[in-house]
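All remarks here apply to the structure that follows.
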Amino acid sequence: MTSAAWSLQCSACVYTVAGDRLASVCPDCGQPLSVKLAAASRDQVTAEATMWRYAAAMPILANEHRVSIGEGMTPLTELPELAKAAGVARLWIKDEGLNPTASFKARGLCMAITRAKALGLPGVCVPTAGNAGIALSAYAAAAGMPARIYAPKTTPPPILGSIRAYGAELELVDGHIGDAGKATMQFAKESGYFNVATVREPYRVEGMKTMGYEIAEAFAWKTLPDAIVYPTGGGEGTIGIWKAFKEMVEWGWLPKDIALPKMVVAQAAGCAPLVRAFAASEEKATPWENPATHASGLRVPGPFGDRWTLRTLRESNGAAFSVDEDTMRASTFTLASSSGIDAAPEGGCGLAVAGILVKAGVVKATAHIVVFNTGSGASYRW
Ligand SMILES: Cc1ncc(COP(=O)(O)O)c(C=O)c1O
Ligand SMILES: [Zn+2]
């Protein structure tokens, strides 16, 4: 490969590099890199029942191998009772718990490992709140690559068991994902393994954005929901979905004058750095002291993708809210018991935030809302 069909552009400054080489963050300003693709046509979408139906809009060449185990194309289920309870006209749950490895993290790590394999990297490592670790373990296993995972000791045991079952090396860390991040960086330096941490690696977002493509296709490429509620920790889900909508408008997949959704961040009151920063109109988040929540995926006190996520919220005219643990627990139970969806606490957090939106003036009572259940309740039961 002499030149790639895409480039990597800094999300914060003017730095650009061709996409055919190993890259992490921007060498000039240290912020995340974003993939810039040549325009693709909607006619290139295939009938494949995975996220790879959008391969034309993803950083992969026609002759390259996809490290795939069936990720994406998750159900989008309309739930009128939940819409009524939330005070909106229509509400859908996008159930990411049905992905391989039981969370949306499968999409991003699938894309990252596909690129890591194409580059011939010797091994991969990641700090995780849990679900990214399972996803990396599984995709590394599928690619035949060694993987090292750094996770907080407090990570739910079913998640740690899954990481071990896929054959990855697991290191437990005192503290939170930020502490795991430091250990991962140190290990990467010593071992030569590539660190695929959230938005320190440019391709995870490209897998995540397929959630946005799936929503656009489910809405027949004509309309979009008024708001998308995303349980947010590191920010890559939120960033990816918004990137998808912008690409689709730019490439003519969606009408130029389409109303884009407001992106809404849902966080736990015990760890809400993005909610706090957005409310104060800050460009970056101050790390949250003593982060604590049962929703381990949301226990990210100092997200590296804070600026990009906050910019996404501003660009989409979005919002950010947190809910307390009791509200989250009740909402998780409501979601599971009223729909049969295996609600993760993160999904419960999203549903609780959906119920705030009309009162907060973010959307009208006529709104159509998509809420993400980002993981599986089974991962949290032990
Ligand atoms: C189930 C679940 N939901 C939400 C998140 C937060 O996602 P993001 O880091 O993309 O903001 C995570 C992250 O680990 C997660 O595991
Ligand atoms: Zn830069």
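The values are calculated or read from the model by the stated rules, or taken from the named source; none is laboratory data. Bear in mind that the values here come from a model prediction, so they are computed numbers and not experimental data. Neighbour counts run over all protein chains shown; Cβ positions are idealised from the backbone, glycine included. Calculation scope for accessible area: heavy atoms of the full protein, side chains included, ligands and nucleic acids excluded. Shrake-Rupley method; radii C 1.70, N 1.55, O 1.52, S 1.80 Å.
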Check: If you go through segment 41-53 one residue at a time, do you hit one that is within 16 Å of ligand 1 (Cβ to nearest atom), surrounded by 14 or more Cβ atoms within 10 Å (Cβ to Cβ) and outside any helix (DSSP H, G or I)?
Finding: no
Item checked: Residue among 206, 289 that is away from ligand 1 (no atom under 16 Å from the Cβ) and either surrounded by 23 or more Cβ atoms within 10 Å (Cβ to Cβ) or not hydroxyl-bearing (Ser, Thr, Tyr) (or both) -> 289
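So, in segment 201-250, exactly how many residues are in a loop (DSSP other than H, G, I, E, B) and farther than 20 Å from residue 363 by Cβ? Explain how you work it out, then say what you get.
Kept after step one, since they are in a loop (DSSP other than H, G, I, E, B), are these residues of segment 201-250: 201-203, 209, 219-226, 232-235.
From the residues that got through so far, the ones that are farther than 20 Å from residue 363 by Cβ too are 201-203, 209, 220-221, 233-235.
Number of matching residues: 9.
Look through 141, 183, 106 and report the one residue that is within 26 Å of residue 381 (Cβ to Cβ), touching an Asp or Glu at 6+ places or on another chain (Cβ under 8 Å), away from ligand 2 (no atom under 16 Å from the Cβ) and at pLDDT 95 or above. Break it down into steps so the answer makes sense when it comes.
Numbers: 141 fails: touching an Asp or Glu at 6+ places or on another chain (Cβ under 8 Å); 183 fails: within 26 Å of residue 381 (Cβ to Cβ).
Criteria check complete, one pass: 106.
Results for (1) away from ligand 2 (no atom under 16 Å from the Cβ); (2) within 23 Å of residue 97 (Cα to Cα); (3) not assigned by TED's automatic domain parsing to the domain that holds residue 30; (4) not hydrophobic (A, V, I, L, M, F, W, C), shown as yes or no for each residue.
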position	(1), (2), (3), (4)
261	yes, yes, yes, yes
265	yes, yes, yes, no
268	yes, yes, yes, no
284	no, no, yes, yes
289	yes, no, yes, yes
294	yes, yes, yes, yes
302	yes, no, yes, yes
313	yes, no, yes, no
Checklist line | segment 150-159, residues that are open to solvent by 10 Å² or more (accessible area, probe 1.4 Å) and within 20 Å of the chain's Cα centre (by Cα) | finding: 150
Check: Which residue pairs have Cβ atoms under 9 Å apart, sit 6 or more places apart or on different chains, and have a first residue in segment 82-110 that is within 16 Å of residue 69 (Cβ to Cβ) and a second that is of a type outside the set (Lys, Arg) and within 16 Å of ligand 2 (Cβ to nearest atom)?
Finding: 108/201; 108/205
Next item on the list: Might you check whether a residue that is open to solvent by less than 10 Å² (accessible area, probe 1.4 Å), polar (S, T, N, Q) and farther than 16 Å from residue 182 by Cβ occurs anywhere in segment 127-135?
Entry: no
Checklist line | Residue list for segment 331-373, filter: open to solvent by 50 Å² or more (accessible area, probe 1.4 Å), assigned to a helix (DSSP H, G or I) and touching a residue at least 12 places away in the same chain (Cβ under 8 Å) | finding: 333, 334, 338
Next item on the list: Look at residue 34 and say whether it is within 16 Å of ligand 1 (Cβ to nearest atom) and crowded, with 18+ Cβ neighbours inside 10 Å.
Entry: yes
Check: For segment 102-121, does any single residue satisfy the condition of being within 22 Å of residue 292 (Cβ to Cβ) and within 16 Å of ligand 1 (Cβ to nearest atom)?
Finding: yes
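Given the condition more than 16 Å from ligand 1 (Cβ to nearest atom), touching a residue at least 40 places away in the same chain (Cβ under 8 Å) and more than 21 Å from residue 379 (Cα to Cα), answer yes or no: does some residue in segment 232-241 qualify?
Step one: list which residues in segment 232-241 are more than 16 Å from ligand 1 (Cβ to nearest atom), which gives none.
No, there is no match, as no residue in segment 232-241 is more than 16 Å from ligand 1 (Cβ to nearest atom), touching a residue at least 40 places away in the same chain (Cβ under 8 Å) and more than 21 Å from residue 379 (Cα to Cα).
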Checklist line | Residue count, segment 15-59 (criterion: over 19 Å from residue 205 (Cα atoms) and charged (D, E, K, R)) | finding: 4
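I need a count of the residues in segment 18-29 that are over 21 Å from residue 192 (Cβ atoms) and either within 12 Å of ligand 2 (Cβ to nearest atom) or open to solvent by 20 Å² or more (accessible area, probe 1.4 Å) (or both).
Applying the first criterion (over 21 Å from residue 192 (Cβ atoms)) to segment 18-29 yields 18-19, 26, 28-29.
Subsequent filtering for residues that are either within 12 Å of ligand 2 (Cβ to nearest atom) or open to solvent by 20 Å² or more (accessible area, probe 1.4 Å) (or both) retains 18, 26, 28-29.
So the count comes out to 4.
Inside segment 251-286, can you point out the residues that are in a strand (DSSP E or B) and either open to solvent by 10 Å² or more (accessible area, probe 1.4 Å) or touching a Pro at 6+ places or on another chain (Cβ under 6 Å) (or both)? Let's see the steps before the verdict.
Narrowing segment 251-286 to residues in a strand (DSSP E or B): 262-268, 271.
Hits for segment 251-286 are 262, 266, 271.
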Next item on the list: Please find, within segment 70-106, the residue that is nearest to residue 163 (Cα to Cα) out of those that are among the basic types (Lys, Arg) and open to solvent by 20 Å² or more (accessible area, probe 1.4 Å).
Entry: 105
